[in-house]
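This report refers to the structure that appears directly beneath it.
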Amino acid sequence: MLTLATINAVAPAVKAATPVPQMDVLMVAGFLTSVLTLLLWMHLGKSRACTLAFAMSLSALAIFAFLQGAWPLGMVIVVWSVASIGRWRQGKDIFPAANDKPRDRITFPNGPWAEVSRVSRIFEWN
């Protein structure tokens, strides 16, 4: 039968058996690489140099994932890195130009709802 004294006697042994992970070079490098990848991802549409730097940081992050033991994540990051390198080689812009708005090219039919908003149609405010 488990008593409070038995649980208190076992609990300190369990806490002492699980060591706290120490900070090592691999952990710091992975953290810095992931921060760099996020910063470059935010500025991805600025220039081709940002796209190349993003692909390189993804490659470094994939190496970290493999060294850390998370190989499924490493495989996904390798594919993402290869796609980014291909985008850099082709010179494709990720985001369209500011003056090229796809909404300007859409034509809306003149039907019974041409003058009525969606919200007013839902709540029948006509």
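Just wondering, is there one or more residues in the range 17-37 that are among the polar types (S, T, N, Q) and modelled with pLDDT under 70? Lay out the reasoning, then the answer.
Here is the first cut: in the range 17-37, the ones among the polar types (S, T, N, Q) are 18, 22, 33-34, 37.
So of that shortlist, the ones also modelled with pLDDT under 70 come out as none.
No: the range 17-37 contains no residue that is among the polar types (S, T, N, Q) and modelled with pLDDT under 70.
Selection of the range 67-89 for residues being in a helix (DSSP H, G or I), of a type in the set (Gly, Ala, Ser) and without any contact (Cβ under 8 Å) to a residue 12 or more places away in the chain yields ALA83, GLY86.
The set of residues from the range 47-66 being over 19 Å from GLY30 (Cα atoms) and free of Cβ contacts under 8 Å to residues at least 24 places away in the same chain comprises SER47, ALA49, CYS50.
The values are calculated or read from the model by the stated rules, or taken from the named source; none is laboratory data. Keep in mind it's a predicted model, so treat the numbers as computed, not measured. So basically every Cβ, Gly included, is an ideal-geometry build from the backbone, and we count neighbours across all protein chains shown.
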